[in-house]
Amino acid sequence: MNILRIACKELLQDLRDRWTLIFMLAFPIVLMMILGFALGNAFESTQTIDKIHVLMKDTGENKALSEGFSVFSAEVSKSGILFEELKPGVDGKEEVRKGKYADYVELTGNGILLYSSNFIKLEHQILQGTLTAFAEKFKVGSTIAMLQPDQMEVLTSGSTDHNYIQETSLIPNRKPGAIDYYALAMTAVVALWGAMSAGQLITTEIRQGTAYRLVSAPINKGEIFAGKVLGNLVVNMLCVVIIIFFSKYAFGAYWGDHLSVVILLLLSQVIMAVSLGLAVSYIFQEAASRAILLIITQLGAVFGGAYFPFEEAGIEMTRLLKFIVGLSPVHWTNSALTGIVYRNEIWEAWPVFTVNIGLAAVMLTIAALIMRRKEGL
Amino acid sequence: MNVLEIRELTKKFGEFIAVDNMSLTVREGEIFGFLGANGAGKSTTINLIASLLRPSSGDIRILDRDIAKHSRFTKMNLGIVPQDLAIYKDMTAYENVSFFTGLYGLRGAELRERTEEALKFVGLEDKMKGYPKNFSGGMKRRLNIACAIAHRPKLIIMDEPTVGIDPHSRNYILNSVRKLNEMGCTIIYTSHYMEEVEEICSRLAIIDHGKIIAEGTKEQLVATITDVKEIRIELKKGSDNLLGILRGIPGVRNVDMKEQTIRIFCDLEVDNLGLILKALIDQDADIRSVEEQEPNLETVFLTLTGRTLRD
């Protein structure tokens with residue numbers, strides 16, 4: 001009962017601390033909004049491409065190739081790749097250089113030659129992929145023609161089930177936009193901020209003299225400890241839930257179909273963060289513990305990709321950087337959240353959940369042992 | 001019956017001995033004064049009684065039970081008014097008292113009743129919904145007391161409860177201490193104001209360097225000082241240079257100065273008033289009045305510790 005009494009007192013005080021509450025809620029929301037809009041393009045998952053005009057020249061040196069290509073060009077024209085015959089006296093490469101055509105293709109006795117002015121351009125990459133698919137198929141066809149000529153019809157029949165362009169995506173269900181990304185990342189950061197407030201839990205009581213009254217009351221230190229931790233957990237979790245629902249309904253951020261698992265995962269991070277804050281505050285002096293927790297939370301946020309995702313920012317992920325990123329609790333949680341929300345892979349929650357709770361148990365044990373040995377709170 | 005019994009209590013912080021083999025008894029119904037200069041070991045002793053610190057050796061018994069073995073029982077019967085305010089500034093006066101009193105197992109209507117009773121007792125019944133951050137120093141001190149008495153403890157320890165407050169609040173608190181005592185509470189009272197201790201305490205102990213150096217009623221303590229007299233000389237303008245000169249006069253044990261008044265503690269049998277006045281005149285001191293005081297607690301304290309209470 002005393003644990004609940006102390007927890008309720010914590011809740012009351014934290015909810016009355018308007019400025020801290022505003023910081024805890026407004027800061028991530030504003031950041032989510034600013035970064036979400038500023039980096040919106042970096043997260044764009046769709047790019048509209050108009051028809052791809054390709055100039056082509058058939059030298060006629062390989063009849064089978066010419067026939068096959070004719071079927072191929074008719075097929076891919078349905079997908080918007082249009083081949084136009086090179087007119088006499090016109091330099092195909094020059095036309096491409098001038099930007100009149102996306103690419104220039106030559107069918108020769110040695111195979112297919114492809115020229116482009118911009119190898120990075122998406123149009124070129126689509127054409128290259130499509131031609132590669134055709135060339136592979138043609139090679140198979142040629143082999144069949146040599147071994148079993150009666151099956152050649154397959155290649156030249158004009159059947160329409162040739163699927164040269166297949167839509168593939170690394171994340172077939174859904175890919176996060178900027179707001180979606182920052183909603184997950186910022187919420188994970190808010191969960192980690194629990195360490196900051198937990199770091200002040202005991203020192204605040206000592207500073208305002210109330211530790212004296214708590215210790216001289218007929219309750220044991222374990223009850224004080226548990227009540228304060230419980231109250232702090234509830235406040236931090238409340239902030240996390242508010243951020244989730246605000247981002248979902250105000251910014252339309254996508255949180256997937258497994259919100260309960262998402263909340264459970266974030267709860268595990270809040271528990272871990274609160275335990276971290278407590279352990280650090282017991283191990284180090286007040287000023288040092290505050291600085292340490294500030295550094296941990298800030299680095300955790302940066303390397304967890306809360307302010308910018310490393311891959312999207314084009315930063316090369318060296319082994320060292322990968323290792324550092326891997327140490328960030330924001331990264332663990334963010335990765336698991338992405339799996340749950342965008343790939344429906346609920347199992348991704350459990351390893352992170354286990355790590356968070358395991359670390360929390362270790363740190364709470366350290367804090368409790370130091371507290372027991374210490375005089376007063 | 002002994003409400004508090006301290007036996008051979010020692011508290012060490014590393015090599016430093018804050019409380020040195022202290023033994024003390026406080027009887028039921030007493031207002032017991034606990035006197036000591038800063039750093040004498042008063043607060044450490046109170047912290048040990050409050051279980052905020054663990055003794056290095058010795059034991060403390062409240063109502064005949066060891067506080068280490070019967071922690072819950074002894075804490076239930078103990079109320080502490082710490083020297084520093086121990087209240088939540090972001091909780092109302094009512095919430096503060098109610099929260100702390102609730103930790104003593106009180107619930108529902110009884111808790112409400114006790115909370116209101118305590119706030120009324122300290123004169124804050126019309127400030128129940130007020131926040132301490134908006135209170136005067138005196139009101140905060142009174143709230144500090146309310147938080148310690150609402151659970152009706154048998155022993156209340158008040159550590160400097162009147163520090164830094166206005167005379168009205170101070171009188172209110174002193175009257176409250178008397179009333180609590182009349183209601184059956186035993187009180188241990190510490191203060192830097194000797195006149196407060198003289199006014200309300202029935203018995204007292206003087207602590208110095210972690211040891212009890214004198215214990216008894218005011219009269220008993222004063223009676224032990226039969227060989228010292230106090231001469232008070234009021235000057236138009238005081239000067240610290242005078243103190244050194246006066247200390248060199250035969251028969252002078254100690255000298256201190258508060259504003260323009262010099263207090264000189266001398267051996268009773270030595271007639272040195274002439275020498276003292278001559279020394280002052282030689283230094284061009286403008287003397288306004290000269291007065292020989294009867295020995296009092298201040299004299300006792302200074303004689304025993306060599307310091308004034310405010311040192």
Next item on the list: May I ask which of A:LYS221/B:LYS179; A:LYS221/B:LYS154; A:LYS221/B:LYS129; A:LYS221/B:LYS11; B:LYS120/B:LYS154 have a Cα-Cα span longer than 26 Å here?
Entry: A:LYS221/B:LYS179; A:LYS221/B:LYS129
Checklist line | chain B - charge dipole about Cα centre, Lys and Arg +1 at Cβ, Asp and Glu -1, debye rounded to 20 | finding: 1420 debye
Notebook entry, point to check: Applying 1/(1 + (r/R0)^6) with R0 = 41 Å to the Cβ-Cβ distance of B:ASN38 and A:VAL234, what FRET efficiency is obtained, to the nearest 0.05?
Noted result: 0.45
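Is the stretch B:49-114 rounded, prolate or oblate when judged by the Cα gyration tensor, a ≥ b ≥ c being the square roots of its eigenvalues, rounded requiring a/c under 1.5 and prolate requiring a/b larger than b/c?
It is oblate, given that a/c is not under 1.5 and a/b is not larger than b/c.
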Next item on the list: Please tell me the relative contact order of chain A in percent, rounded to the nearest whole number, where contacts are Cα pairs under 8 Å and at least six residues apart.
Entry: 21 percent
Item checked: Rounded to 5, the percent of DSSP beta bridges in chain A classed as antiparallel -> 40 percent
Check: Averaged across the residues of A:216-224, what count of C-beta atoms belonging to other chains lies within 10 Å of each residue's C-beta?
Finding: 6
Check: Could you give the Stokes-Einstein D for the protein assembly as shown in µm² per second, using the C-alpha Kirkwood radius, 20 °C, 1.002 mPa s?
Finding: 66 µm²/s
Checklist line | Prolate/oblate/rounded label for the stretch B:113-192 (Cα gyration tensor, a/c 1.5) | finding: oblate
Next item on the list: Name the residue farthest towards the positive end of the dipole of the protein assembly as shown from the options B:SER191, A:ALA185, A:LEU238, assuming +1 on Cβ of Lys and Arg, -1 on Cβ of Asp and Glu, about the Cα centre.
Entry: B:SER191
Next item on the list: Please find, in a Gaussian network model of chain A (springs between Cα atoms separated by less than 10 Å), the residue of A:ILE366, A:ILE49, A:ILE346 whose mean-square fluctuation is greatest.
Entry: A:ILE49
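By average Cβ neighbour count within 10 Å, what is the ranking of A:22-28, A:89-95 from highest down?
My ranking of the peptides, most packed first, is A:22-28, A:89-95.
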Checklist line | Value at 222 nm in deg cm²/dmol, rounded to 500, when DSSP H runs of n ≥ 4 in chain A each add -39,500 (n - 2.57) | finding: -21500 deg cm²/dmol
Notebook entry, point to check: Considering the stretch B:1-87, what Rg and Dmax in Å follow from its alpha-carbon atoms?
Noted result: 12.7, 37
Notebook entry, point to check: Where a Cα-Cα gap under 16 Å defines reach, which lysines qualify for B:LYS237, not counting those fewer than 8 residues away within the same chain?
Noted result: B:LYS258
Note to self: To test your reading of the geometry: what angle, between 0 and 90 degrees and rounded to tens, separates the Cα axis of helix A:2-16 from the longest principal axis of chain A?
What the structure shows: 60 degrees
Next item on the list: Only Cα pairs under 8 Å and at least 6 apart count here; give the relative contact order of chain B as a rounded whole percent.
Entry: 20 percent
Next item on the list: Just tell me which lysines come within less than 17 Å, Cα to Cα, of B:LYS133; anything on the same chain fewer than 8 places away is out.
Entry: B:LYS89
Note to self: Quick check on the stretch A:256-377: take the gyration tensor over C-alpha atoms, sort the square-rooted eigenvalues as a ≥ b ≥ c, and tell me if it's rounded (a/c under 1.5), prolate or oblate.
What the structure shows: oblate
Note to self: Show me the trypsin sites (Lys or Arg not before Pro) within the stretch B:225-269 that DSSP assigns to loop and that have at most 14 other Cβ atoms within 10 Å of their Cβ.
What the structure shows: B:LYS236, B:LYS237
Note to self: I'd like the distance separating the alpha-carbon centroids of the stretch B:67-93 and the stretch B:175-230, in whole Å.
What the structure shows: 23 Å
Check: Within the stretch B:228-255, whose backbone N sits under 19 Å from a point 7 Å along Cα→Cβ of B:ASP286?
Finding: B:233-243
Notebook entry, point to check: Of the beta bridges DSSP finds with both residues in the protein assembly as shown, what % are antiparallel, to the nearest 5?
Noted result: 60 percent
Checklist line | Sites B:GLN293 and B:GLU182, calculated FRET efficiency, Cβ-Cβ separation with R0 35 Å, nearest 0.05 | finding: 0.65
Margin query: Modelling each spin label as a point 7 Å along the Cα-to-Cβ direction, I'd like the B:ARG232/B:SER71 distance in nm, to one decimal.
Written below: 4.9 nm
Checklist line | For chain B, calculated [θ]222 nm from helices alone, where every DSSP H run of n ≥ 4 adds -39500 (n - 2.57) | finding: -10000 deg cm²/dmol
Checklist line | Sequence ranges B:275-281, B:187-193, ranked by mean other-Cβ count within 10 angstrom, highest first | finding: B:187-193, B:275-281
Checklist line | Shielding score for A:204-211, defined as the mean number of other chain Cβ atoms within 10 Å | finding: 4
Notebook entry, point to check: So for chain B, taking the charge dipole from beta-carbon charges (+1 Lys/Arg, -1 Asp/Glu), which of B:LEU268, B:TYR94, B:CYS147 sits furthest toward the positive end?
Noted result: B:TYR94
Checklist line | DSSP bridge orientation in chain B - percent antiparallel, rounded to nearest 5 | finding: 70 percent
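Computed from the coordinates by the stated procedures, all read-outs in this text should not be read as laboratory data. If you're wondering where the values come from, they're calculated on a predicted model, not measured in any experiment. Cβ: placed from backbone, ideal geometry, glycine included. Neighbour counts: every protein chain shown.
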